Amino acid sequence: MNAPQPGSEIDGFCLGELMHTGSMAFIYRLTGPQGPLPLVMKIPRLGPGERAVNVIGFEVCRMVLGALGQGPHHPTLVAYGDVETTPYLVMGYVEGERLSDWSSRAPIAPLEVARVGAAAALALHDLHRKEVVHLDLKPTNIMFRASGTAVLIDFGLAHHSHYPDLLAEELRFPVGNWEYMAPEQALGVRCDPRSDIYALGAILYQLATGRLPFGHPRSVAELRRRLYRDPLPPRAIVPGTPAWLQEVILHCLEPDARNRYDSAEQLAFALTSPERVELTERAARQRRAGWGTLARRWYQARSFEPAPCPAPSIKENPAPIVVVALSTAPIDDVLYEAMRGATASAVNASGNCRLACVTVVSLAATLSGEGEEPTATVRHIRRLIELRKWARPLNLPEERLTYHVLEAEKTADALLDYATMNDADLMLIGAPRPGSGVHRFGGGICAQVVAGAPCSVTVVRPAADRADLPKGGVQ
Amino acid sequence: MKLALFADVHSNLEAITACLNHAQALGADQFAFLGDMVGYGADPVAVLELVERYAAKGAVVVLGNHDCAALGHPAGGMNAGAQAAIDWTRTQLGPKQREFLAGLPLTARADNVLFVHASAVAPEQWIYVAGPAEAEKSMLAAEAGIVFCGHVHEQNLYYLGAGGKPMPFRPVSGTPVPTARHRQWLAIVGSVGQPRDRNNAACYAFADLERARITFFRVPYDYRTAARKIRAAGLPERLALRLERGV
């Protein structure tokens, strides 16, 4: 396909200077009557002689940029043309330098490597948090604004976990840039954000040493060699490379994704705080692995199973929720004490859990309010105070405690509902008193909760009650 | 054209009402019911009356295996619970509902879209589109840009690429997926009335055919009432539990 001429018009957009001719697309600056606009148009190379992946790349780019919306670390999609008639993407123009300008000057100073690397890692982390894996990181696809902020461009090979992966079908040859490609990506895995960490590691290697870690592979077999062949340590090429930088780079270039940094944010942190980088054997490496190690790795690599993809966004592990179900009318000190003991051990076991203290009052009682009975609000507040009083000896910080007085007809249903709605991880409930269930949640309630709970349930029985149990075990 | 698609309603009035409200709020102007309006649930007559009202206004409605069984035709492969519900459903339907069901086609076509309950290969055989192989056959038989179907209760979107092999995609609720017109697609819209993926929210899909995008939705509804009605009708307890737990 021939590049359209500058000056021609597409859907009302006037093409200016041809800025870039890639294998997949042409990129033009757009112009208006007053000169260049802060917009570019990307036109995929389609037609006879062009690769099918170009059209898919166009669709993917449109889908991913459309989903990303506006952000500091990627271009904004402004308009697009239909793939069947006039395919194009109009995006915001990113003013700045490309990383390829640096990489051609490599090796560059270690602190400079760390600075641009950290900026790129932060941009990457932003992308990963938005469910996107870039999968085509290379120096030409990383730009820096004057402020130093990194902008990642060209999302034609990206993967967004909320959209169908249109490129998954094109697996006969691994798509992407082979020089920087992670081993699992070479095997067809397209959903692991740590593949981007690997690619960024390869870029850092190039910046620090002036060489590519694995040269220019020309065949899939050569590409797969990185599964077992380690790169020459950066310090063997540029002796002035600090140990921490070698550690960071080789940590990114681990063949198994599970052995790399878990997130790009961790990589950014390592690059901005060299003194905190823990030095391992990677930092001390002076040469590549010997033949013995290589033979063993080669043998192991034959059965290499890529790590399962984590969810692209680094999801925070929510604190587990422990629900303590207390009957507050009347108060049963013996059981309360036993419940506190059980709660304390549950809290100690899980470390960061949240505690929800729950009691249930009958709806009928709430509505009647007859005779000497206090009003519903007063009773509600009293129960809350009782719950607080119960929890005080646990000495838990306020932000980890909540108190709830549920008004319901059926105690067991209310407790189960509460546990379900709040995704409880554990529920503690007092055992019914042997012989009568009057002073606690009755046996029926306890059994219903145990049977229907969406989580584990611990039934707490005070030591004093144990003697009263019928002999001969459970009846 | 904004098309709301509902499959496997299974006599669940609460679920279909919630989904219809949801779709109407989004501006749906066309509706399609992809079979299995009855079976399992406790509101066959009310659901059929509702579907009939939409059909009178131009909605697409195709026949499903439970609808077929409710007419007394052998539909095969029903477990005891499903069969019990069908036997009960038959006692509920009046001549008007039976006539409506009897008049339904197995497939319907509009422009470049095919509507069918199960696989388009042999709609009357109720083949499950359970994986890429079945999806591929159904897409080839359909000769349409998009096939909308149900029968399988989980939402799934298959797309045919240059390689000729369909790729499955599990949609994310509420995220519009561009469905480029040069590709072939098969969308399993999910079950309105009996979701089975451990999420008890009703499933449906919303297609904007002009802008070529499909959005799959999960809509929470009053499953407690639907389950209570199942118990009150004396239908198997398991059918009520399924709604509560989404299994």
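Could you tell me whether B:TYR40 is under 20 Å from B:GLN155 (Cα atoms), surrounded by fewer than 19 Cβ atoms within 10 Å (Cβ to Cβ) and of a type in the set (Ser, Thr, Tyr)?
no
Tell me, please, whether a residue that is within 26 Å of A:ARG190 (Cβ to Cβ) and touching a Phe, Trp or Tyr at 6+ places or on another chain (Cβ under 8 Å) can be found in region A:236-248. So that I can check it myself, show each step before the final result.
Taking region A:236-248 and keeping what is within 26 Å of A:ARG190 (Cβ to Cβ), we get A:248.
Checking which are touching a Phe, Trp or Tyr at 6+ places or on another chain (Cβ under 8 Å) leaves us with none.
For region A:236-248, residues within 26 Å of A:ARG190 (Cβ to Cβ) and touching a Phe, Trp or Tyr at 6+ places or on another chain (Cβ under 8 Å): absent.
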### Message
Take the conditions closer than 15 Å to A:ASP165 by Cα, of a type in the set (D, E, K, R) and modelled with pLDDT under 90 and apply them to B:ARG183. Does it pass?
### Response
yes
### Message
Can you report the number of residues in region A:88-111 which are in contact with a helix residue (DSSP H, G or I) (Cβ under 8 Å, 6 or more places away or on another chain) and at pLDDT 90 or above?
### Response
8
### Query
Can B:ALA133 be described as closer than 22 Å to B:ASN65 by Cα, away from chain A (no Cβ under 11 Å) and over 18 Å from the mean Cα position of the chain (by Cα)?
yes
### Task
Would you be able to say whether some residue in region B:237-246 is within 21 Å of B:LEU5 (Cα to Cα), modelled with pLDDT of 90 or more and away from chain A (no Cβ under 14 Å)?
yes
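With the requirement that a residue be in contact (Cβ under 8 Å) with a residue 60 or more places away in the chain and away from every other protein chain (no Cβ under 14 Å), what does region B:143-162 give you? Even if it seems obvious, please write down each step before you answer.
Residues of region B:143-162 in contact (Cβ under 8 Å) with a residue 60 or more places away in the chain: B:146, B:148-151, B:153, B:155.
Once the filter is applied, which keeps residues that are in contact (Cβ under 8 Å) with a residue 60 or more places away in the chain and away from every other protein chain (no Cβ under 14 Å), region B:143-162 yields B:PHE148, B:CYS149, B:GLY150, B:HIS151, B:HIS153.
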### Task
Give the residue, chosen from B:LEU106, B:LEU140, that is within 22 Å of B:GLY76 (Cα to Cα) and more than 14 Å from chain A (Cβ to nearest Cβ).
B:LEU106
### Task
Name the one entry in B:ARG98, B:ARG109 that is under 17 Å from the mean Cα position of the chain (by Cα), among the charged types (D, E, K, R) and over 30 Å from A:GLU50 (Cα atoms).
B:ARG109
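Applying the selection to region B:53-96, what residues are touching a Lys or Arg at 6+ places or on another chain (Cβ under 8 Å) and not in a loop (DSSP other than H, G, I, E, B)?
Within region B:53-96, the first condition is being touching a Lys or Arg at 6+ places or on another chain (Cβ under 8 Å), and the residues that meet it are B:70-72, B:81.
Matches in region B:53-96: B:ALA70, B:GLY81.
Is it the case that B:GLY174 is within 27 Å of B:PRO123 (Cβ to Cβ) and either within 13 Å of chain A (Cβ to nearest Cβ) or under 17 Å from the mean Cα position of the chain (by Cα) (or both)?
Answer is no for this residue.
Quick test for you: out of A:ALA146, A:ALA119, pick the one residue that is of a type in the set (Gly, Ala, Ser) and more than 25 Å from the chain's Cα centre (by Cα). Talk me through it step by step, then tell me what you get.
On the way: A:ALA119 fails: more than 25 Å from the chain's Cα centre (by Cα).
Every option except A:ALA146 fails the conditions.
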### Task
Could you give me the residue pairs with C-beta distances under 6 Å whose first residue belongs to region A:440-463 and is touching a residue at least 60 places away in the same chain (Cβ under 8 Å), whose second residue is surrounded by fewer than 17 Cβ atoms within 10 Å (Cβ to Cβ) wherever it lies, and which are 6+ apart or on separate chains?
A:PRO462/A:VAL334
### Query
Counting only residues that are under 26 Å from B:ASN199 (Cα atoms) and either within 10 Å of chain A (Cβ to nearest Cβ) or crowded, with 18+ Cβ neighbours inside 10 Å (or both), how many does region B:119-130 have?
3
### Message
For A:VAL151, only one of the following conditions fails: (1) among the β-branched types (Val, Ile, Thr); (2) part of a strand (DSSP E or B); (3) within 14 Å of chain B (Cβ to nearest Cβ). What is its number?
### Response
(3)
### Task
Quickly run through region A:165-198 and pick out the residues that are within 14 Å of another protein chain (Cβ to nearest Cβ) and over 30 Å from A:TYR93 (Cβ atoms).
A:ALA168, A:GLU169, A:LEU171, A:ARG172, A:PHE173, A:GLY188, A:CYS191
### Query
From the list B:LEU241, B:LEU235, which residue is in contact (Cβ under 8 Å) with a residue 12 or more places away in the chain, in a helix (DSSP H, G or I) and aliphatic (A, V, I, L, M)?
B:LEU241
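Any chance you could count how many residues in region A:87-110 are assigned to a loop (DSSP other than H, G, I, E, B) and either buried (at least 21 other Cβ atoms within 10 Å of the Cβ) or away from every other protein chain (no Cβ under 14 Å) (or both)?
To start, the set of residues in region A:87-110 that are assigned to a loop (DSSP other than H, G, I, E, B) comprises A:87, A:93-96, A:104-109.
With the extra rule that they be either buried (at least 21 other Cβ atoms within 10 Å of the Cβ) or away from every other protein chain (no Cβ under 14 Å) (or both), the set shrinks to A:93-96, A:104-109.
Number of matching residues: 10.
Being more than 23 Å from the chain's Cα centre (by Cα) and free of Cβ contacts under 8 Å to residues at least 40 places away in the same chain is the filter; apply it to region A:55-86 and report the residue that is farthest from the other protein chains (Cβ to nearest Cβ).
In the first step, residues of region A:55-86 are kept if they are more than 23 Å from the chain's Cα centre (by Cα); the result is A:55-59, A:77-86.
Checking the rest, the ones that are also free of Cβ contacts under 8 Å to residues at least 40 places away in the same chain come to A:55, A:77-78, A:80, A:82-85.
Details: A:VAL55: 8, A:LEU77: 12, A:VAL78: 17, A:TYR80: 10, A:ASP82: 8, A:VAL83: 6, A:GLU84: 6, A:THR85: 10 Å.
The residue in question is A:VAL78.
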### Summary
Per the list (1) in contact with an Asp or Glu (Cβ under 8 Å, 6 or more places away or on another chain); (2) more than 14 Å from chain B (Cβ to nearest Cβ); (3) surrounded by fewer than 22 Cβ atoms within 10 Å (Cβ to Cβ), residue check on A:HIS162 breaks on (2)
### Query
Which of the residues spanning region B:97-118 are not aliphatic (A, V, I, L, M) and not in a helix (DSSP H, G or I)?
B:GLY103, B:PRO105, B:THR107, B:ARG109, B:ASP111, B:ASN112, B:PHE115, B:HIS117
### Query
For B:LEU104, are the conditions met, namely being buried (at least 24 other Cβ atoms within 10 Å of the Cβ) and closer than 17 Å to B:GLY150 by Cβ?
no
### Summary
Among helices (runs of 4 or more DSSP H) completely within region A:201-299, the ones holding 3 or more residues that are closer than 16 Å to A:TYR180 by Cβ and at pLDDT 95 or above are A:243-252
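When you look at A:LEU227, is it in contact with a Cys (Cβ under 7 Å, 6 or more places away or on another chain) and more than 14 Å from chain B (Cβ to nearest Cβ), yes or no? Walk me through how you get there before you give the answer.
Values: in contact with a Cys (Cβ under 7 Å, 6 or more places away or on another chain): no; more than 14 Å from chain B (Cβ to nearest Cβ): yes.
No, not satisfied.
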### Task
Filter region A:201-236 for residues that are among the aliphatic types (A, V, I, L, M), surrounded by fewer than 24 Cβ atoms within 10 Å (Cβ to Cβ) and touching a residue at least 60 places away in the same chain (Cβ under 8 Å) and give the result.
A:LEU227
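Does A:LEU122 satisfy the criteria of being within 21 Å of A:PRO75 (Cα to Cα), out of contact with any Gly (no Cβ under 8 Å at 6 or more places or on another chain) and surrounded by fewer than 22 Cβ atoms within 10 Å (Cβ to Cβ)?
Numbers: within 21 Å of A:PRO75 (Cα to Cα): yes; out of contact with any Gly (no Cβ under 8 Å at 6 or more places or on another chain): yes; surrounded by fewer than 22 Cβ atoms within 10 Å (Cβ to Cβ): yes.
Against the criterion (within 21 Å of A:PRO75 (Cα to Cα), out of contact with any Gly (no Cβ under 8 Å at 6 or more places or on another chain) and surrounded by fewer than 22 Cβ atoms within 10 Å (Cβ to Cβ)), A:LEU122 qualifies.
The values are calculated or read from the model by the stated rules, or taken from the named source; none is laboratory data. On a predicted model such as this, the values are computed, not experimentally measured, just so you know. Reconstructed Cβ throughout: ideal geometry from the backbone, glycine too, with neighbour counts over all protein chains shown.
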